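I have placed the structure first, in the form of structure tokens, so that the comments after it can refer back to it.
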Amino acid sequence: MPLGDLATPRCVVGARQVYKKLLMGELEKVFLARDADPSLVQPILIEAQRQSLTVEWADSMKLLGRACAVQCKAAAAGIRKA
């Protein structure tokens, strides 16, 4: 699980922000936490699969938040296109 990919200024954190950017076609990769509420991550997962984007899974929201360099848990994160 290459969470090190999130150490970039192109990182988007949070389910709402990721979903917005995903709908706008601005993401190239999506990260989801396994322990996140399914009602948060399911729409993101469906849209990412529809767009044929790579979806990586983090073991927990805590790990995903830490990988994004934020001090709170994160259900979803993404990397914007260059």
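The values are calculated or read from the model by the stated rules, or taken from the named source; none is laboratory data. Keep in mind it's a predicted model, so treat the numbers as computed, not measured. Note: ideal-geometry Cβ built from the backbone for every residue, glycine included; neighbour counts use all protein chains shown. Each accessible area value is taken on the protein alone, full model and side chains, heavy atoms only, with ligands, DNA and RNA left out. Shrake-Rupley method; radii C 1.70, N 1.55, O 1.52, S 1.80 Å.
Some notes on this structure:
- Candidates LEU23, LEU45: the one that is of a type in the set (A, V, I, L, M), closer than 14 Å to VAL12 by Cα and either touching a residue at least 12 places away in the same chain (Cβ under 8 Å) or open to solvent by less than 30 Å² (accessible area, probe 1.4 Å) (or both) is LEU23.
- Within segment 26-41, considering residues that are open to solvent by 50 Å² or more (accessible area, probe 1.4 Å) and outside any loop (DSSP other than H, G, I, E, B), the one nearest to CYS68 (Cα to Cα): GLU28
- Residues in segment 50-77 that are among the hydrophobic types (A, V, I, L, M, F, W, C), within 19 Å of MET24 (Cβ to Cβ) and in a strand (DSSP E or B): VAL55, ALA76, ALA77.
- Considering only residues in segment 1-54 that are at pLDDT below 95 and among the β-branched types (Val, Ile, Thr), the one that is nearest to ALA82 (Cα to Cα) turns out to be THR8.
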